[in-house]
Ligand SMILES: Nc1ncnc2c1ncn2[C@@H]1O[C@H](COP(=O)(O)OP(=O)(O)O)[C@@H](O)[C@H]1O
Ligand SMILES: [Mg+2]
């Protein structure tokens, strides 16, 4: 379906990253991550000395008030941005100082994103939105098709595959965004306030979906300022003023009630 679109050339094979899956080791290790934004002579210390380790298969929730650095932290974990200082090991690779190209390449292979505002492309159908990251990877249309349909099936959106995003409810759009994030079977799913624009019923549906994906083995790191969602994650990292101030673990089985 994307044959008619002009896409940037697929990333060359020489840039292909080594697989970051390395058995029982930590998947993500942040070692003293600092992020300073410089704007018009104002320095914002968004993150200061963040140490965080995430194991494969974990569901980690990063919580804290607005402006405390949650999105900044997620964008560094997701290789959308680099830290000002500190180390970041993803699998067995040090990724804190990679070039933009290399970062984009690893991101495309290993990381799926879900955003508060869905970020679907308005003039592409549901099918084409989910297909786009697979096309960027250089997969053939036939290979893309089975992955797109499988992902849409997982979020129960096959019946809307030819719709445009503005023909869907917010909850449906976010389910498509979840399908897009998981279609390429990334190692890590990152979600930034994925329920922020949804009513509580649809928020719960999306959370149940993330929980199911985690039960199926996906590593999930989710940002929220809504404490109600803490019970979906086994581990909650509390951020305040750019620092980790507390960490809580829930060992009890999730009850399913919000
Ligand atoms: N691109 C940017 N340029 C300058 N300052 C930024 C930028 N992004 C975020 N900030 C600032 O960094 C701090 C943390 O922001 P953010 O990570 O978005 O917090 P949260 O997601 O917890 O609301 C805030 O003070 C914010 O204003
Ligand atoms: Mg944010």
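Evaluate the following for residue 90: is it crowded, with 21+ Cβ neighbours inside 10 Å and farther than 20 Å from residue 193 by Cα? For residue 90, the condition - crowded, with 21+ Cβ neighbours inside 10 Å and farther than 20 Å from residue 193 by Cα - is met. Among the residues examined, residue 245 qualifies as modelled with pLDDT of 90 or more and within 15 Å of ligand 1 (Cβ to nearest atom). Scanning the range 91-119 for residues that are more than 14 Å from the chain's Cα centre (by Cα) and either under 23 Å from residue 224 (Cβ atoms) or part of a loop (DSSP other than H, G, I, E, B) (or both) yields a total of 7.
Looking across 82, 67, 86, one residue alone is part of a strand (DSSP E or B), within 16 Å of ligand 1 (Cβ to nearest atom) and farther than 22 Å from residue 216 by Cβ. It is 86.
To keep it simple, each residue is scored yes or no on (1) within 16 Å of ligand 2 (Cβ to nearest atom); (2) within 18 Å of residue 77 (Cα to Cα); (3) within 19 Å of the chain's Cα centre (by Cα); (4) outside any helix (DSSP H, G or I).
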| site | (1), (2), (3), (4) |
| --- | --- |
| 173 | no, no, yes, no |
| 189 | no, yes, yes, yes |
| 217 | no, no, yes, yes |
| 230 | no, no, yes, no |
| 237 | yes, yes, yes, yes |
| 248 | no, no, no, yes |
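Does the range 93-111 contain any residue that is in contact (Cβ under 8 Å) with a residue 12 or more places away in the chain, crowded, with 18+ Cβ neighbours inside 10 Å and within 16 Å of ligand 1 (Cβ to nearest atom)? No, the range 93-111 contains no residue that is in contact (Cβ under 8 Å) with a residue 12 or more places away in the chain, crowded, with 18+ Cβ neighbours inside 10 Å and within 16 Å of ligand 1 (Cβ to nearest atom). Just so you know, in the range 36-64 the residues that are outside any strand (DSSP E or B), more than 16 Å from ligand 2 (Cβ to nearest atom) and on the phi > 0 side of the Ramachandran plot include one that is modelled with the highest pLDDT, and it is 57. Annotation: of all residues in the range 14-34 being buried (at least 19 other Cβ atoms within 10 Å of the Cβ) and farther than 22 Å from residue 194 by Cβ, the one that is modelled with the lowest pLDDT is 17.
May I ask you to list pairs of residues, at least six apart or on different chains, whose Cβ atoms are under 8 Å apart, with the first in the range 151-173 being more than 22 Å from residue 207 (Cβ to Cβ) and the second being loosely packed, with under 13 Cβ neighbours inside 10 Å? Short answer, once both residue conditions are applied: 164/122; 164/123; 166/122. Residue count for the range 191-215 satisfying the condition of being at negative phi and either assigned to a loop (DSSP other than H, G, I, E, B) or within 16 Å of ligand 1 (Cβ to nearest atom) (or both): 8.
The values are calculated or read from the model by the stated rules, or taken from the named source; none is laboratory data. On a predicted model such as this, the values are computed, not experimentally measured, just so you know. Every residue, glycine among them, receives a Cβ derived from its backbone with ideal geometry; neighbour counts consider all protein chains shown.
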